[in-house]
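Novice: Please read through the structure below; I'll follow up with questions.
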Amino acid sequence: MRSPRLRASAAAAALAAGVLFAACAPPPRPAPAVDVLEARYRAARDLREERLRALTADILVRVDGRATGRLPGLPATLALAAPDRARLRVLAFFGTAADVCARGDSVWAWVPSQRLAVSLAGAGETLGVAPPAELLARSLGATWDPPPAAWRVATADSAGLRLGWRARGDSLAMIVDRDGRPAEVTLSGTAGTVSVRYTGWTREAGTEWPERFEIEDATGWARVRIAVEQLRIADRPGDDWFTLRVPDDARRLDWEGLREWLGRRKEAR
């Protein structure tokens, strides 16, 4: 057993080492000025927005929440023609698990294993936020567009630079990190609130892109986590990118039917 004198000596040595390390460590990197962050943000954002006009991606999708429970992660392919067209095909061992196409404020989906077709008109109005295709494009591309006035009144704290503004009746709040990238965006509309959180970035097609992000509604009804594995930029959208073919004998559901079907699926698991 060490003597009290030895223990005191060890404690003193540890304290001295800590002080020396703190003295030698580089000082915290100061946050850039707001105008510098704004310039960084807009330059990267504009590049991504241009490339979202014709883009496909391989992604991994995980869904959980009250609507579905926790589902296994599945690979998917995504096609985008921002601002108003998107298609997501979720893959499984037996083929396509679900094929979802959004145009403007409408969404169609085909679930082959269930012979089930879903048609949702006015999806953005029902959710109370931006139309689904636009929300997905802005989330993937991190192309949120705060006006100059929002930058002028932005506030800084330990989380980053905070901005707030309104667009088309929605209220938006965004946290920007010290590298000029969005860390979190919250959209509040007439019927609810949706948050988009960015947890990883990568460099693709000459600029930084979100590598991992999640979209979640405030009630916990659904959360979608997306990991981007590969991006492909095209000159223009393909002719068949957004063509969703549903058999005539498919069972068809609207919003209420979809909610009931999801509820039965969740109880059966």
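Novice: Run the quick spin-label model on R236 and S195: label points 7 Å from Cα toward the beta carbon, then report their separation in nm to one decimal.
Specialist: 4.2
Novice: To the nearest 20 debye, what is the magnitude of the charge dipole of the stretch 38-115 about its Cα centre, counting +1 on the Cβ of each Lys and Arg and -1 on the Cβ of each Asp and Glu?
Specialist: Here the size comes out at about 100 debye.
Novice: Cα centroid distance between the stretch 74-94 and the stretch 198-269, in Å?
Specialist: 6
Novice: Once you order the gyration tensor axes a ≥ b ≥ c over the Cα atoms, which shape class does the stretch 53-268 get: rounded for a/c under 1.5, otherwise prolate or oblate by comparing a/b with b/c?
Specialist: prolate
Novice: Ok, one more. Can you tell me the relative contact order of the stretch 133-269? Whole percent, Cα pairs under 8 Å, sequence separation 6 or more.
Specialist: Here the relative contact order equals 12 percent.
Novice: Under a point-charge model restricted to the Cβ atoms of Lys and Arg (+1) and Asp and Glu (-1), what is the dipole moment magnitude of the stretch 53-268 relative to its Cα centre, in debye to the nearest 20?
Specialist: 220
Here, each number is a calculation from the coordinates, and none is a lab measurement. These numbers come from a predicted model, not from an experiment. Because the Cβ atoms are built from the backbone with ideal geometry, glycine has one as well, and the counts that use them run over all protein chains shown.
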